[in-house]
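The values are calculated or read from the model by the stated rules, or taken from the named source; none is laboratory data. Given the structure is predicted, the values throughout are model-derived calculations rather than measurements. Cβ coordinates were reconstructed from backbone atoms using ideal geometry, including for glycine residues, and neighbour counts include every protein chain displayed.
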Amino acid sequence: MHRYANPSRFIRIADTIFPWAGGIMITAFAIGLYLALLKSPADYQQSEMVRIMYIHVPAAWMALFTYAFMALSSAAVLIWKHPIALLSAKAAAPIGASFTVICLATGSLWGKPMWGTWWVWDARLTSVLILLFLYLGYIALINAFDETERGGKAASLLALVGAVNLPIIKYSVDWWNTLHQPASVFRLDGPAIHPDMLWPLIIMAIAFKMFLLTTLVTRIKSELIAARVQNVQRSLHGNLADGRG
Amino acid sequence: MTDSLGLKRTRRQKSQRVYTLLFGLTMLGLATALVLNALEDSIVFFYSPSDLRERSISPEQRIRVGGLVELGSWKKAKSQTVHEFTVTDGKNKITATFNGILPDLFREGQGVIAEGRLKNNRLFIAEEVLAKHDENYMPREVADALKKSGHWNKGSGSRRSSGEPK
């Protein structure tokens with residue numbers, strides 16, 4: 001576990017991952033967007049409007065996935081005080097928040113023509129809005145303390161507590177009456193989406209996942225380098241002060 | 001000697017932290033489940049016609065009723081904006097009237113949520129109507145083929161062309 005706490009080793013791993021993940025991302029986006037926007041058939045009920053799904057659904061999945069990743073990293077922070085875990089959770093938060101915003105915005109744009117409303121306070125929509133607030137709360141909290149360790153601890157605790165929201169989001173459409181329809185892909189009796197529409201969706205989901213991976217390793221890497229620069233500056237500063245004194 | 005003692009102590013601290021976290025999260029999950037269970041009535045977005053039977057709702061109370069628009073129940077008045085349709089959940093049903101523009105996805109056999117007030121046990125005056133779509137996605141040709149071969153299940157998914165109001 002702590003093998004990966006070595007910054008140089010992590011940067012080496014990140015540099016290996018980046019071109020692969022980036023390459024897959026670009027390919028998947030090219031194929032996925034072509035299939036989703038041009039090739040895939042229109043829905044029998046929603047006609048062309050169904051194409052919003054290819055952005056909305058992967059964004060929603062990634063909003064949940066990123067939060068789960070952040071919560072697990074936060075557990076590693078609290079249990080093992082793992083230094084890279086805090087950096088990865090911190091790096092993941094703004095990405096996850098962006099996915100959540102994309103999910104809410106596209107959902108709203110989709111809701112108006114289909115349901116007849118931009119927004120309702122049903123269990124699914126409300127719990128996803130809470131997810132956004134959890135992300136924002138985490139970002140605010142981790143930056144609110146002068147001591148990184150205290151901020152990290154408080155924010156990690158928030159991330160873990162907020163993880164209780166993940167099953168609520170997933171099952172909100174089954175537990176309560178909602179305007180949002182139940183799950184179409186991850187269901188016990190198989191997907192309720194025609195394969196011609198499912199494949200573009202899966203490829204877009206891969207593209208989104210690779211986007212998370214590339215931005216995440218880049219952000220962690222830059223945090224590590226920033227910490228290194230800070231250390232050098234501090235020691236330089238110390239030497240100068242010593243020299244003067 | 002002291003080193004291995006120290007290592008043991010940190011290891012014990014670590015497993016203690018794991019248990020504390022697990023215990024804390026379990027309690028939190030339990031508390032959340034209880035709260036959500038207790039609040040169920042206000043979390044549900046709409047009542048089904050059967051729910052309406054079970055509870056007494058006063059006419060002043062603004063509520064939402066949801067279900068499928070019963071096949072063949074959609075009637076349009078001459079003014080073109082006054083609609084009447086029946087909301088059913090398979091067991092019970094209620095007639096709703098609505099004066100306004102229906103969402104594009106409003107169809108017989110499709111999900112609908114109407115917000116408004118009960119006039120009496122039989123009639124619901126809707127002030128707002130939302131269309132609820134189901135989790136099935138497919139191309140039009142596939143839907144048509146399914147209908148032709150008789151594999152079309154439930155009342156859902158009848159097209160607008162076949163479900164125009166009388």
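Things to note:
- Candidate set: region B:97-133, residues that are basic (Lys, Arg) and under 17 Å from B:ARG53 (Cα atoms); chosen: the one modelled with the lowest pLDDT: B:ARG122
- Matching residues, region A:12-50, being surrounded by 17 or more Cβ atoms within 10 Å (Cβ to Cβ) and more than 22 Å from A:PHE208 (Cα to Cα): A:ASP43, A:TYR44, A:GLN45, A:GLN46
- Complete set of residues in region B:32-65 that are at the interface with chain A (Cβ under 9 Å from one of its Cβ atoms), within 16 Å of B:VAL87 (Cβ to Cβ) and outside any strand (DSSP E or B): B:VAL44, B:PHE45, B:PHE46, B:SER48, B:ASP51
- Residues that are under 20 Å from A:ALA68 (Cβ atoms) and more than 14 Å from chain B (Cβ to nearest Cβ) within region A:98-127 comprise A:SER98, A:PHE99, A:THR100, A:VAL101, A:ILE102, A:CYS103, A:LEU104, listed in sequence order.
- A:ILE142 touching a Gly at 6+ places or on another chain (Cβ under 6 Å) and either surrounded by 17 or more Cβ atoms within 10 Å (Cβ to Cβ) or of a type in the set (Gly, Ala, Ser) (or both): yes
- Within the option set B:GLY116, B:GLY90, being assigned to a strand (DSSP E or B) and either among the small types (Gly, Ala, Ser) or surrounded by 20 or more Cβ atoms within 10 Å (Cβ to Cβ) (or both) holds for one residue only, B:GLY116.
- Residue-level check: of (1) modelled with pLDDT of 85 or more; (2) under 30 Å from B:ARG122 (Cα atoms); (3) more than 10 Å from chain A (Cβ to nearest Cβ), B:PHE23 misses just (2).
- The residue that is surrounded by the most Cβ atoms within 10 Å (Cβ to Cβ), counting only those in region A:185-231 that are within 14 Å of another protein chain (Cβ to nearest Cβ) and of a type in the set (Gly, Ala, Ser), is A:ALA192.
- Any chance A:LEU179 is surrounded by fewer than 18 Cβ atoms within 10 Å (Cβ to Cβ), aliphatic (A, V, I, L, M) and not in a helix (DSSP H, G or I): no
- Complete set of residues in region A:18-68 that are polar (S, T, N, Q) and within 14 Å of another protein chain (Cβ to nearest Cβ): A:SER40, A:GLN45, A:GLN46, A:SER47
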